[in-house]
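Have a look at the structure below, then the notes.
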Amino acid sequence: MLDRFFELSGRGTTAGREVRGGVTTFMAMAYIILLNPIILGGAKDVTGAHLTIAQLTTSTALAAAVCTLLMAFAGNAPFGLAAGLGLNAVVAYQAAPHMTWAQAMGLVVLEGVVIIVLAVTGLRTLIMNAIPLALKHAISVGIGLFIALIGLVDAGFVGRGTGTPVQLGATGHLAGWPVAVFCFGLLLMIVLYVRRTPGAILISIVVTTVVAVVVNSLAVIDPKTWGIVVPRLPESLIAAPDFGLVGQVDVFGGFARAGAVTATVVLFTLVLSGFFDAMGTIIGVSDEAGLVDEKGRVPRLGAILTVDGVAGVVGGTMSASANTVFVESAAGVGEGARTGLASVATGALLGLTLLFTPLAAVVPPAAATPALVLVGALMMTQSRKVPWEDLDLAIPAFLTIALMPFTYSITNGVGAGVIAYTLIKAARGRFGEIPWLLWVVSAIFLAYFGITALEQALG
């Protein structure tokens, strides 16, 4: 039955190999269950409210398990899904400051709906043709720099300067045990990752957390210096999941709270980042698994893309941010995963973590944020695909990359890149190289950047 349903023989694999690959994917991506609550829990919405780590951990694990199992049975692909890094940064630092958490998650739901529509109607081709390839790569690079900066700031490695916008540490120098723990964790993670140790990121987070617990118990440390989580052993390792955030969503409230232009631009950023990141991951991992045919087609691509859109809806509904295909699925493919049976194993293990949510309350930012820095470095590798010798593309790409971390805004980077590209092509009289959709998108971003002036003019 397994052979027939998952096409094991047809894809040259076995049940044992699939389970092994699924476990490997889980080990490679399980860090997100610890990291996503750190990112979302470290931000506050327009009312000043924070989301609790325990509830976020439950939502993150539940959404990841549900979405991965959906991929297993609907897409029959060896992909694990969970809250996407970069996407959760948009929710935490772009949407939440302008609306409530429920309204921000409502935009995530809408993002998923848009991707579903794009997947089932074939409009993805139109959008992919509208955005220059160089800007797609630049968006990934800019998000990488942005999440790396978030990691460095949350760890206390980078602080607000006295005579400069930023500086090393809180005083211009590195000081304090939390920063030392972060440095240890980052170096350990880098060493394990470059040595291709399976589960390098997860192992590093666990080891660094243990070090943090020991340091916190032996040294005299101000609890506030650890950030939102103080590394203390919980009273119990197992606890009932806290489903308090599940269903806490206001789908259209963000448009009323933040304004139609701001909410639309944030929604566009979510769709753009989620859609193209997923496409790249799906094609890349499928190619590594030998599932791409001679014409470059991926089996059941329509179903896979639809599940990816559904994952956005599920993630928003559960207040876990948009879920998407994880590039760490390549680790399972390397172990032999070729079918959805591997995703069954991955999803089952993600579901089991629901019973161990107290463990997440032990992990301080100093132990989890090194993953942001490392993943940011990995996303930077996309910069080699930008044709820097072509100024028509290099300048928009640079603005996209630079403005994301420099303005602490993914939306600003995307908008600057799109506007610059459209302007440069128009100034050179190359109107035929500007898809009509880019004129629409550029107009939206111009309205976004001038929203204050527009409000004053209309008011």
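Numbers at a glance
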quantity: Residues of the stretch 383-411 classified as part of a helix (DSSP H, G or I) and open to solvent by 40 Å² or more (accessible area, probe 1.4 Å), total; calculated: 8
quantity: Looking only at the stretch 9-28, and only at residues there that are at pLDDT 85 or above and in contact with an Asp or Glu (Cβ under 7 Å, 6 or more places away or on another chain), the one that is nearest to T57 (Cα to Cα); calculated: T25
quantity: Verdict on P364 being closer than 29 Å to A263 by Cβ, buried (at least 23 other Cβ atoms within 10 Å of the Cβ) and within 25 Å of the chain's Cα centre (by Cα); calculated: no
quantity: Which listed residue is in a loop (DSSP other than H, G, I, E, B), surrounded by fewer than 23 Cβ atoms within 10 Å (Cβ to Cβ) and touching a Pro at 6+ places or on another chain (Cβ under 9 Å), from V292, V298; calculated: V292
quantity: Unique residue being within 22 Å of L85 (Cα to Cα), open to solvent by 20 Å² or more (accessible area, probe 1.4 Å) and over 21 Å from the mean Cα position of the chain (by Cα) when the list is A377, A348; calculated: A348
quantity: Qualifying helices (runs of 4 or more DSSP H) (wholly inside the stretch 177-289; at least 2 residues being more than 21 Å from L149 (Cα to Cα) and open to solvent by 40 Å² or more (accessible area, probe 1.4 Å)); calculated: 200-218, 253-258, 260-288
quantity: Any hit, the stretch 125-138, residues being at pLDDT 90 or above, aliphatic (A, V, I, L, M) and closer than 30 Å to G334 by Cβ; calculated: no
quantity: Selection count where residues are assigned to a helix (DSSP H, G or I), farther than 16 Å from A63 by Cα and of a type in the set (S, T, Y), scope the stretch 334-382; calculated: 1
quantity: Close pairs (8 angstrom Cβ cut-off, 6 or more residues apart or separate chains): surrounded by 14 or more Cβ atoms within 10 Å (Cβ to Cβ) in the stretch 122-138, at pLDDT 80 or above and outside any helix (DSSP H, G or I) anywhere; calculated: A130/P435; A134/V386; A134/P387; A134/D390; H137/V386; A138/V386
quantity: Pair list, Cβ < 6 Å and 6+ apart or interchain, from the stretch 337-358 residues that are within 29 Å of D287 (Cβ to Cβ) and at pLDDT 90 or above to residues that are open to solvent by 40 Å² or more (accessible area, probe 1.4 Å) and in a helix (DSSP H, G or I); calculated: A345/V19; A345/V23; G347/L69
quantity: Tally, over the stretch 268-289, of residues that are modelled with pLDDT of 80 or more and either in contact with a Phe, Trp or Tyr (Cβ under 9 Å, 6 or more places away or on another chain) or closer than 24 Å to F5 by Cα (or both); calculated: 6
quantity: The stretch 415-431 residues that are in contact (Cβ under 8 Å) with a residue 40 or more places away in the chain and of a type in the set (A, V, I, L, M), paired with ones that are outside any helix (DSSP H, G or I) and surrounded by 17 or more Cβ atoms within 10 Å (Cβ to Cβ) (beta carbon under 8 Å, 6 or more apart); calculated: V418/I131
quantity: Qualifying residues in the stretch 327-345 (those that are open to solvent by 10 Å² or more (accessible area, probe 1.4 Å) and of a type in the set (A, V, I, L, M, F, W, C)) - the one nearest to E18 (Cα to Cα); calculated: L341
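Conditions tested, residue by residue: (1) open to solvent by 60 Å² or more (accessible area, probe 1.4 Å); (2) in a helix (DSSP H, G or I); (3) touching a His at 6+ places or on another chain (Cβ under 9 Å); (4) charged (D, E, K, R).
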position: Q103; (1), (2), (3), (4): no, yes, no, no
position: L110; (1), (2), (3), (4): no, yes, no, no
position: I115; (1), (2), (3), (4): no, yes, no, no
position: V120; (1), (2), (3), (4): yes, yes, no, no
position: G144; (1), (2), (3), (4): no, yes, no, no
position: I147; (1), (2), (3), (4): no, yes, no, no
position: T164; (1), (2), (3), (4): yes, no, no, no
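The values are calculated or read from the model by the stated rules, or taken from the named source; none is laboratory data. Since we're looking at a predicted model, the values are computed, not measured. As a convention, Cβ positions derive from the backbone with ideal geometry for all residues, glycine included, and neighbour counts pool all protein chains shown. Keep in mind that these areas ignore ligands, DNA and RNA; they rest on the heavy atoms of the full protein, side chains included. Shrake-Rupley method; radii C 1.70, N 1.55, O 1.52, S 1.80 Å.
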